[in-house]
Amino acid sequence: METSTSSSSDDPFAEILEAAAALRSARAAGDAPAVEVAFGRIAEATIRAFAASAREHERSPLPESSKLTATDVAVTCSYLLAAADLEVFELALWRSWVGRGSQAQLSPTQMAPGELG
């Protein structure tokens, strides 16, 4: 199984490209475990890139015409919260700390990464 290289660890965009190449190779070889690892690398790097863009621009990088469903978001958030060992309550508390209501867009620049956990 291929693991992340240190050269791309600080650059999520490079990691996405490297992991995509690994995914392509693993799929072509029929290597299911390597496919899972590469897909996980893509997901993690994409989340890091999304967060960096949201912090920098203070808005969601998703297009307004996103095809994500409520189920897509709920399933993804559930797994992300578990991966970060966070509860929904802690997420709600974080949102209140940055002074935003549940209907407002977050301004993630108001809190440093990793400050909650």
- Note on the structure: Among residues of the stretch 86-111 being of a type in the set (Val, Ile, Thr) and at pLDDT 55 or above, the residue nearest to Arg59 (Cα to Cα) is Val98
- Task: Kindly check whether there is at least one residue in the stretch 2-13 that is in contact with a Ser or Thr (Cβ under 9 Å, 6 or more places away or on another chain), of a type outside the set (Lys, Arg) and modelled with pLDDT under 95.
- Result: yes
- Message: List the residue pairs whose Cβ atoms are under 7 Å apart, where the first residue sits in the stretch 46-68 and is on the phi > 0 side of the Ramachandran plot, the second is exposed (fewer than 14 other Cβ atoms within 10 Å of the Cβ), and the two are 6 or more positions apart or on different chains.
- Response: Glu58/Thr109
- Query: Scanning for something in a helix (DSSP H, G or I), touching a helix residue (DSSP H, G or I) at 6+ places or on another chain (Cβ under 8 Å) and either small (Gly, Ala, Ser) or farther than 16 Å from Glu44 by Cα (or both), does the stretch 76-88 turn up at least one residue?
  - Reply: yes
- Within the stretch 64-85, is there a residue that is at pLDDT below 90, among the charged types (D, E, K, R) and closer than 26 Å to Ala14 by Cβ? no
- Item | Residue identified as over 16 Å from the mean Cα position of the chain (by Cα) and hydrophobic (A, V, I, L, M, F, W, C) among Ala26, Ala45, Ala52 | Ala26
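The values are calculated or read from the model by the stated rules, or taken from the named source; none is laboratory data. Since this is a predicted model, take the numbers as computed values, not measurements. For neighbour counting, all protein chains shown are included, and Cβ atoms are generated from backbone atoms with ideal geometry for every residue, glycine included.
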